[in-house]
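Undergrad: Below is a structure I'd like to ask you about.
The values are calculated or read from the model by the stated rules, or taken from the named source; none is laboratory data. Note that this is a predicted model, so its numbers are computed, not measured. Counting neighbours? That spans all protein chains shown, and the Cβs are built from the backbone with ideal geometry, glycine included. Note: accessible area is taken over every heavy atom of the protein model, side chains too, but ligands, DNA and RNA are not part of it. Shrake-Rupley method; radii C 1.70, N 1.55, O 1.52, S 1.80 Å.
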Amino acid sequence: MGRAYKVVILGGGVAAGYAALEFVKHGINRGDLCIISAESVPPYERPALSKGFLLPEGAVRLPAFHTCVGVGEERLTPKWYKEHGIELVLGTEIVAADLTRKTLLTAAMETISFQILIIATGARVLRLEEFGVTRADAQNIYYLRDVNDATKLLEAMILLKGGKAVVIGGGYIGMECAAALVTNGVPVTMVFPESHCMARLFTPQIATFYEDYYTSKGVVFIKGTVMSAFESNQNGKVAAVILKDGTRLPADLVVVGVGIRANTTLFEGQLVIEKGGIKVNGKMRTSNSSVYAVGDVAAFPLKMYGDVRRLEHVDHARKSAAHAVQAIMTPEKTSDYDYLPYFYSRVFTLSWQFFGDNVGDCIYFGDSTKGKFGAYWIDKCRVVGAFLEGGSKDEYSALALVARQRPITEDTEALAGQGIKFALSL
Ligand code: FAD
Ligand code: NDP
């Protein structure tokens, strides 16, 4: 029999780090907690990888961005885990899980057993091979999920000198990596199937502001189409991206961000799966009472909206992790997870935040030509979502309150006129 722990956290990403801190706050005994991660470094703030990590000057490097610095809490270094008697089993992939026996099997065939398991396996990137794109194995095609990917992309970017990049995908990775490439002096063409960037969140009007800004920085957009193949040179390096209509885009480096899939495979057939994630209740507990799931991998009841969702954002990873630990350590004091969706991004000198739900009609306010504008989403006469570019801390907090309270509003013209003042006056 291998090692045994009271609690095992499977996955060493954002959620794992915040769960560890919460366990320590509750006072877990030395030797009771273990974190198993395929990555070779302790949990870190993943968002840094597409932002500060890729900057040409003043870039951030580990150990500076280990969790939980993202919310101004302690930075959990290897020393911190040691001091608190938390075992870090790094560079270790779990290849099988037996929830009846309460065991995990490592790739090196070691068995690790648990009394309570917290699944924090996050997600894996979708690869272009899965879309039937040919030559997707050429060199200099990069995906971005972990610090190894970010290091490889950074090295390729530095070596590129005079080369061109193509970015596939107009979501978060595409937008943030395109900005990083341009900031590093690399010319970028972006290709994506939708009619505008960030199509799942942005309206065409919001997207226009960002696309115009990117265009002013030299980014070229090719929208409404997908690529079908890569062309490589005799060294096996990517030479061009071929679009569906046959257009050839010369490329020396490609970054792909076409979405992710939650890492649920180990648990399929053992736990209830919904919306591509592991279904949990308001305590983040799965269909097995000894097993919890948090972060990107969890499909959880979004109490405010009365439905089940899986969210792929850092704020939820942090909060759901802390919530699961509270439910484990102080069940009598822990009510159901009541999350307000919160997404954000920072590119160039721009910065936006969004709270709530982007359903219903959109009412715009502010002045995009001055770099400060926003929008409210109105559904059934209630303000359910709020977006702001270029806001202050107080303004963003006010928007969060609006999305949480969902105030009734019938006069949308007045709302547009009041703009951010509406939120600040609540
Ligand atoms: P992860 O942080 O992905 O951690 C999962 C961990 O599980 C990894 O360590 C992985 O190696 C490990 N693992 C998986 N399977 C196994 C296995 N079988 N055995 C062992 N270990 C395993 N969100 C925002 O809100 N704002 C942002 O600005 C932002 N920027 C981002 C930038 C990048 C480049 C990326 C990739 C994501 C970004 N996100 C952002 C999303 C955010 O980082 C995720 O929502 C968050 O990391 C999810 O946390 P998690 O702990 O659930 O999963
Ligand atoms: P997203 O889901 O944000 O975006 C993927 C984009 O790629 C979508 O626009 C999608 O279109 C498009 N796409 C899908 N298939 C193709 C294709 N064959 N060719 C071209 N484009 C295609 O995922 P990302 O990969 O950008 O991000 C990965 C994860 O990282 C997400 O969980 C994201 O939340 C997270 N992340 C978050 C950040 C933040 O919050 N600031 C920053 C960076 C990453 P369609 O919608 O039509 O499928």
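Undergrad: Do any residues in region 191-202 that are in contact (Cβ under 8 Å) with a residue 40 or more places away in the chain have Cβ atoms under 7 Å from those of residues that are near ligand 2 (Cβ under 6 Å from one of its atoms) and not aliphatic (A, V, I, L, M), where the two are at least six apart or on different chains, and which pairs are they?
TA: L201/F343
Undergrad: Which residues, taken from region 95-108, are assigned to a loop (DSSP other than H, G, I, E, B) and touching a helix residue (DSSP H, G or I) at 6+ places or on another chain (Cβ under 8 Å)?
TA: Initially, region 95-108 is screened for residues assigned to a loop (DSSP other than H, G, I, E, B), giving 99-102, 107-108.
Hit for region 95-108 is L99, nothing else.
Undergrad: Among the residues of region 109-159, how many are closer than 29 Å to S289 by Cα, open to solvent by 20 Å² or more (accessible area, probe 1.4 Å) and away from ligand 1 (no atom under 12 Å from the Cβ)?
TA: So the count comes out to 5.
Undergrad: Take the conditions farther than 29 Å from R346 by Cα, surrounded by 16 or more Cβ atoms within 10 Å (Cβ to Cβ) and within 9 Å of ligand 1 (Cβ to nearest atom) and apply them to L104. Does it pass?
TA: Working: farther than 29 Å from R346 by Cα: yes; surrounded by 16 or more Cβ atoms within 10 Å (Cβ to Cβ): yes; within 9 Å of ligand 1 (Cβ to nearest atom): yes.
Judged against the criteria, L104 is a match.
Undergrad: Can you confirm whether L33 is of a type in the set (A, V, I, L, M), modelled with pLDDT of 95 or more and within 10 Å of ligand 1 (Cβ to nearest atom)?
TA: Details: of a type in the set (A, V, I, L, M): yes; modelled with pLDDT of 95 or more: yes; within 10 Å of ligand 1 (Cβ to nearest atom): no.
When the stated conditions are applied, L33 does not pass them.
Undergrad: Looking only at residues that are closer than 25 Å to R382 by Cα and within 10 Å of ligand 2 (Cβ to nearest atom) in region 298-315, which one is surrounded by the fewest Cβ atoms within 10 Å (Cβ to Cβ)? Break it down into steps so the answer makes sense when it comes.
TA: Taking region 298-315 as the starting set, the residues that turn out to be closer than 25 Å to R382 by Cα are 300-311, 313, 315.
Adding the requirement that they be within 10 Å of ligand 2 (Cβ to nearest atom) leaves 310-311, 313, 315.
Working: R310: 20, L311: 20, H313: 17, D315: 19.
Per the stated criteria, the residue is H313.
Undergrad: Are there any pairs, at least 6 apart or on different chains, whose C-beta atoms fall under 8 Å, with the first in region 158-187 and touching a residue at least 40 places away in the same chain (Cβ under 8 Å) and under 16 Å from G218 (Cβ atoms) and the second within 13 Å of ligand 1 (Cβ to nearest atom) and part of a loop (DSSP other than H, G, I, E, B), and if so, which?
TA: Qualifying pairs under 8 Å: V167/G257; G174/G257; M175/M198; C177/L144; C177/G257; A180/K51.
Undergrad: Something else: Of these, V272, V254, V294, V325, which one is within 30 Å of G162 (Cα to Cα) and either at pLDDT 95 or above or more than 16 Å from ligand 2 (Cβ to nearest atom) (or both)?
TA: V254
Undergrad: What number of residues in region 145-187 are among the polar types (S, T, N, Q) and either farther than 23 Å from G122 by Cβ or modelled with pLDDT under 95 (or both)? Break it down stepwise before answering.
TA: Taking region 145-187 as the starting set, the residues that turn out to be among the polar types (S, T, N, Q) are 148, 151, 183-184.
With either farther than 23 Å from G122 by Cβ or modelled with pLDDT under 95 (or both) added as a condition, the list becomes 183-184.
Number of matching residues: 2.
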